[in-house]
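Laboratory data are not the source of any read-out in this text; all were calculated from the coordinates shown. All values reported here derive from a predicted model rather than from experimental measurement. Here Cβ is always computed from backbone atoms with ideal geometry, including for glycine, and neighbour counts include all displayed protein chains.
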Amino acid sequence: MNPYIGSVIFIVILGGIVFHLLRTRKAIPSFSIQELVTVALFCSLLYIAILPFKFGLSRIPIIQSFFFSIPYTAMLFIGIRLIPRAGTATLIICGHSLLSQTISSGVNPLWWPYALLAAFVLELYFLVTKSYLETTRNALGAGFLRGLTVYLYFYCFSAPFIWHQFYAPWYIAIQTAQGIAGSMIGASLGVYLSKPIISATRYGGI
């Protein structure tokens, strides 16, 4: 079996596990119009957050993953902190993925498993820990898991299958380690920056 197809099957199973847990816990999410607007806003903010990477930082050799992960994870986690419930990570990550494809290269379903995996892993982590980035420790764990998962999947499955680019194990290890470090830094920033935003939202009438 093609490794990419096998990874897609695994992601579908992972999504089924997340849905089963939500159903058994009677926690199927529902969102208000205001929350959906907030999600749409953060899909756009995620795209804006990585523009410096697209316009220059991606050309810096070796350490691209580090520079990409920090603003992306910080903005994503701020959005999750504003709407701390199941489904928020999936909506923001997949919404941003579709927005990026629409603006740049065009919609390509082959990239959807990458976004779904990034979303489902976080959703499962939040369900297991019963915390939506409520502590720095929880956020660091989520950042570590995000960095480990998305970069291993990208360099081992997505890039080889879609771009036909194959990477040496040492290169994958370096990029994954940087992705983990950047994601954990971004997680800390996201939790820190979300606090005044949450206060303003709750008490400032925004």
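Per-structure values
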{"quantity": "Stretchable slack from residue 37 to residue 198, in nm (0.36 nm times residue separation minus alpha-carbon distance)", "calculated": "56.4 nm"}
{"quantity": "Listed residues 28, 11, 52: farthest to the positive end of the dipole of the stretch 1-92 (Cβ charges)", "calculated": "28"}
{"quantity": "For the chain, built as a Gaussian network whose Cα springs stay under 10 Å, the top-fluctuating residue of 30, 65, 100", "calculated": "30"}
{"quantity": "Highest-fluctuation residue, 34, 101, 175 considered, GNM on the chain with Cα pairs under 10 Å", "calculated": "34"}
{"quantity": "Relative contact order, percent, the chain [alpha-carbon distance under 8 Å, six or more residues apart]", "calculated": "28 percent"}
{"quantity": "Neighbour-limited loop hits for trypsin sites (Lys or Arg not before Pro), the stretch 27-115 (at most 15 other Cβ within 10 Å; DSSP other than H, G, I, E, B)", "calculated": "85"}
{"quantity": "Kirkwood Rh, angstrom, the chain [1 / mean 1/r, Cα pairs]", "calculated": "17.5 Å"}
{"quantity": "Charge-dipole axis of the chain as Lys and Arg at +1 and Asp and Glu at -1 on Cβ define it, positive-most pick from 121, 79, 175", "calculated": "79"}
{"quantity": "Pairwise label distance in nanometres, residue 137 with residue 101, each label 7 Å out on the Cα-Cβ vector", "calculated": "3.9 nm"}
{"quantity": "Assigned charges on the beta-carbon of Lys, Arg, Asp, Glu; the chain dipole about Cα centre (debye)", "calculated": "380 debye"}
{"quantity": "Net dipole in debye of the stretch 11-89 [+1 Lys, Arg Cβ; -1 Asp, Glu Cβ; about Cα centre; nearest 20]", "calculated": "180 debye"}
{"quantity": "Neighbourhood net charge (12 Å Cβ-Cβ; Lys/Arg +1, Asp/Glu -1) for residue 21", "calculated": "+3"}
{"quantity": "Peptides 132-138, 23-29, 41-47, 161-167 ordered by average Cβ neighbours within 10 Å, highest first", "calculated": "41-47, 132-138, 161-167, 23-29"}
